[in-house]
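The values are calculated or read from the model by the stated rules, or taken from the named source; none is laboratory data. As the structure is a computational prediction, the values presented were derived from the model and not from experiment. All Cβ positions, even for glycine, are placed from backbone atoms using ideal geometry, and neighbour counts span all protein chains on display.
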Amino acid sequence: MSEPRYDALIIGAGFSGLYMLHKLRELGLSVIAVEAGENIGGTWLFNRYPGARCDIESIEYSYSFSEEIEQEWVWTETMPAQPEIEAYLHFVADKLDLRRDIRLNTRVTAMAFDAADAGWRIDTDTGVRFTASYVVAASGILSVPLEPDLPGMDAFDGASLFTGSWPKAGYDLTGKRVGVIGTGSSGVQLIPVVAREAAHLTVFQRSAAYTLPWEVRPLEADELKTLKASYPEIRAAQREHPVGAARLNAFSVLLDTLSQPPIKSASRAEQLRAIDEHGVMGALAWGDIFFDIEANRMAARLYGEAIARIVKDPATAAALVPTHPFGCKRPIIDQGYYETFNRDNVTLVDLRAGAIRAITPTGISTEQGDYGLDVIIYATGFDAMTGALTRIDITGRDGADLRQIWQDEGPAAYLGLAVAGFPNLFIIQAPGSPSATTNFVAALEQHVEWIGDCITYLRANGQRTIEARPEAQQEWIEHTTSLVEPTVLAHPSCNSWYNGGNVPGKKRRYMAYNAGIPEYRRRCDEVAATGYPGFDLA
Ligand code: NAP
């Protein structure tokens with residue numbers, strides 16, 4: 001079954017897809033958004049696990065393009081929990097009447113560029129085939145959960161749950177023996193909540209996390225009113241801020257360390273004062289830790305001392321100290337993570353002392369013993385940045401195969417939004433975009449607006465195709481990589497979704513753009529203002 005040709009097809013109806021749909025409709029294009037999920041929401045639909053919450057303030061982790069939405073929507077907490085973000089996206093979809101142009105339960109399986117037609121043919125799992133002049137992939141950077149390859153996973157007699165595809169109806173963990181594998185942002189958020197519900201919680205930790213305690217509190221009506229009245233200033237400050245969020249958040253804490261004195265010249269008394277006054281956060285606030293691996297290790301040792309002041313059992317406290325450099329994984333914030341390990345019903349299994357051997361019908365077998373479980377929760381992360389697109393058969397000009405190219409040559413895109421060989425395909429937050437190390441909503445708004453302007457330019461100038469040039473793409477990769485080379489982020493011990501090191505076999509390349517959104521915007525605007533150098537227009 002084929003649909004009439006659209007000007008544009010958008011893959012995904014999460015935060016990015018919804019705004020892209022609105023933007024392109026505003027520009028007068030015929031647009032359809034195709035969403036694999038049973039509803040809109042993307043990441044914020046699937047990650048419904050207990051404790052799921054954003055680590056940027058709601059007032060900034062929200063669309064800035066509509067004053068009406070800003071004023072009408074009521075945030076109830078400083079940092080929004082998953083149900084509230086999901087509800088917000090529904091509010092936006094209704095407000096902008098987006099649903100009529102969204103096909104739910106429809107997964108794009110393949111797409112091919114037809115040079116003669118200057119457009120894409122798009123196949124879906126429902127059998128409906130679309131054609132469109134442009135495709136915008138708004139398929140998310142953290143939308144493909146990564147299932148570990150552990151022997152016996154299917155043979156487990158209890159329940160297996162994944163944070164990235166949590167059951168819609170929830171899951172009652174009361175009275176259950178629960179195991180959690182994974183201590184990244186999802187695990188760290190989930191663990192304190194599960195500990196309060198479960199009869200017993202066993203945490204299987206492969207890499208210990210750096211995580212900063214954070215207070216989340218209700219937004220009082222008066223405070224919200226004042227904030228709403230200050231939106232113009234709040235948004236202006238966000239636009240100027242490298243991470244796209246000027247109020248205190250996980251990223252800004254990291255950035256603020258740059259202006260602190262170096263740990264290497266701090267006396268022992270000064271180091272201890274830092275953790276006396278600021279706990280684990282004080283241990284990491286030093287100006288030299290991003291550029292000097294030894295300084296970073298000193299901070300990690302101090303961090304361990306700060307943990308030992310919270311976690312009563314010395315062996316557990318020692319096991320919670322990370323061995324990778326601080327900064328090379330995404331910063332995490334938590335509510336009561338370390339305190340959770342003082343509970344009688346919580347056990348930490350440090351997999352560095354003996355790995356998981358297999359999942360058995362009754363639990364998890366490790367090199368240090370077997371653990372009986374009723375439920376296993378996998379908080380094992382995502383095939384990030386590229387995973388959503390490499391699961392689609394994407395064929396560009398002259399048979400170019402996106403999956404193969406990214407596999408062989410590493411993930412790459414010009415300006416972090418278009419790939420050489422794939423005309424008229426825009427990717428919201430592709431490799432080389434600010435996304436991963438910024439406020440994602442601020443980052444995506446810039447992309448949506450730039451793409452909207454670009455399509456407007458093409459139409460106004462009678463151009464049917466736009467395609468990134470390989471040499472421009474290569475220069476962009478070199479520029480992006482050069483930003484992290486002098487930092488500990490390039491250290492060989494850094495394995496994370498930032499560089500693909502979390503996915504076995506994935507070609508490693510640092511995938512975020514780390515000069516900040518304002519500098520990124522400046523570069524993108526310059527390209528647009530000078531007739532799109534680095535792209536071929538035809
Ligand atoms: P993640 O940061 O990649 O963490 C995955 C965890 O699972 C790591 O601890 C990893 O250990 C472990 N793991 C993976 N495979 C394993 C295996 N076979 N055996 C044992 N352990 C294994 O994933 P995530 O926690 O889902 O977070 C991903 C990103 O989502 C975050 O960085 C953040 O950007 C976003 N997020 C944000 C929030 C928030 O806003 N607060 C919340 C959740 C997620 P290794 O480190 O050793 O690989």
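Could you please let me know if I85 is closer than 26 Å to C454 by Cβ, not assigned by TED's automatic domain parsing to the domain that holds I11 and not charged (D, E, K, R)? No; evaluated as a whole, the condition is false for this residue. Inspect all residues belonging to the stretch 79-86 and state whether any of them is in contact with a helix residue (DSSP H, G or I) (Cβ under 7 Å, 6 or more places away or on another chain), within 16 Å of the ligand (Cβ to nearest atom) and under 30 Å from C328 (Cβ atoms). Yes: the stretch 79-86 contains one or more residues that are in contact with a helix residue (DSSP H, G or I) (Cβ under 7 Å, 6 or more places away or on another chain), within 16 Å of the ligand (Cβ to nearest atom) and under 30 Å from C328 (Cβ atoms).
Only one entry in E445, E449, E367 is within 16 Å of the ligand (Cβ to nearest atom) and either aliphatic (A, V, I, L, M) or touching a residue at least 12 places away in the same chain (Cβ under 8 Å) (or both), namely E367. For the stretch 345-353, the condition holds for no residue, the condition being that it is under 24 Å from the mean Cα position of the chain (by Cα), in a helix (DSSP H, G or I) and either away from the ligand (no atom under 16 Å from the Cβ) or touching a residue at least 40 places away in the same chain (Cβ under 8 Å) (or both). Taking (1) out of contact with any His (no Cβ under 7 Å at 6 or more places or on another chain); (2) within 16 Å of the ligand (Cβ to nearest atom) in turn, S493 satisfies each apart from (1). For the stretch 141-159, the candidate set comprises residues that are surrounded by 15 or more Cβ atoms within 10 Å (Cβ to Cβ) and over 27 Å from I392 (Cβ atoms); within that set, the residue that is nearest to the ligand (Cβ to nearest atom) is F156.
With the condition kept exactly as written, say whether any residue in the stretch 260-276 is within 29 Å of T323 (Cβ to Cβ), among the acidic types (D, E), surrounded by 17 or more Cβ atoms within 10 Å (Cβ to Cβ) and more than 21 Å from the chain's Cα centre (by Cα).
Scanning the stretch 260-276, I find no residue that is within 29 Å of T323 (Cβ to Cβ), among the acidic types (D, E), surrounded by 17 or more Cβ atoms within 10 Å (Cβ to Cβ) and more than 21 Å from the chain's Cα centre (by Cα), so the answer is no.
Within the stretch 313-336, does at least one residue satisfy the condition of being buried (at least 16 other Cβ atoms within 10 Å of the Cβ), more than 19 Å from V253 (Cα to Cα), aliphatic (A, V, I, L, M) and within 13 Å of the ligand (Cβ to nearest atom)? Yes, there is a match, as at least one residue in the stretch 313-336 is buried (at least 16 other Cβ atoms within 10 Å of the Cβ), more than 19 Å from V253 (Cα to Cα), aliphatic (A, V, I, L, M) and within 13 Å of the ligand (Cβ to nearest atom). G396 satisfies every condition listed in (1) more than 14 Å from the ligand (Cβ to nearest atom); (2) within 26 Å of the chain's Cα centre (by Cα) except (2). Can you work out which of the residues in the stretch 375-391 that are buried (at least 19 other Cβ atoms within 10 Å of the Cβ) and in a loop (DSSP other than H, G, I, E, B) is farthest from the ligand (Cβ to nearest atom)? Among them, the one singled out is T386.
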